[in-house]
Amino acid sequence: DLPLCRVLVVDDAAYPCWLVLVPRVNHTREVIQLTAAQQAALWREVAAAAQIIQDLYRPYKTNIAAIGNIVSQLHIHVTGRLQTDLAWPGPCYG
């Protein structure tokens, strides 16, 4: 875990480099509901997660998304996209 976010690993062999960061701020659906300090912390943590994925997997592209249509609690997907993943080059969400 990071200072603001809980870090979850998506357990999907098709996408081995996928993390989800969940800010520990209850009842928050949107980034703009966070304070300015929390927003800054969130993006620092997202950047750190993306760097770890980059260092470990060397993905072709790193996708960062806050979709949340099914799970409304704010969470950020940080997904390293490999040209060999099942959905490449299409979206892997959904």
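So the values come out like this:
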read-out	value
Whichever residue in segment 1-48 is aromatic (Phe, Trp, Tyr) and open to solvent by less than 70 Å² (accessible area, probe 1.4 Å) and, among such residues, is nearest to His75 (Cα to Cα)	Trp18
Members of segment 32-64 found to be closer than 16 Å to Arg6 by Cβ and of a type outside the set (Lys, Arg), listed by number	Leu34, Gln38, Ala41, Leu42, Glu45, Val46, Ala48, Ala49, Ile52
Selection within segment 43-87 - of a type in the set (S, T, N, Q) and in contact (Cβ under 8 Å) with a residue 60 or more places away in the chain	Thr79
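The values are calculated or read from the model by the stated rules, or taken from the named source; none is laboratory data. All values reported here derive from a predicted model rather than from experimental measurement. Methodologically, a virtual Cβ is constructed for each residue, glycine included, from the backbone with ideal geometry; neighbour enumeration extends over all protein chains shown. Quick note on the areas: whole protein, heavy atoms, side chains included, nothing else; ligands and nucleic acids left out. Shrake-Rupley method; radii C 1.70, N 1.55, O 1.52, S 1.80 Å.
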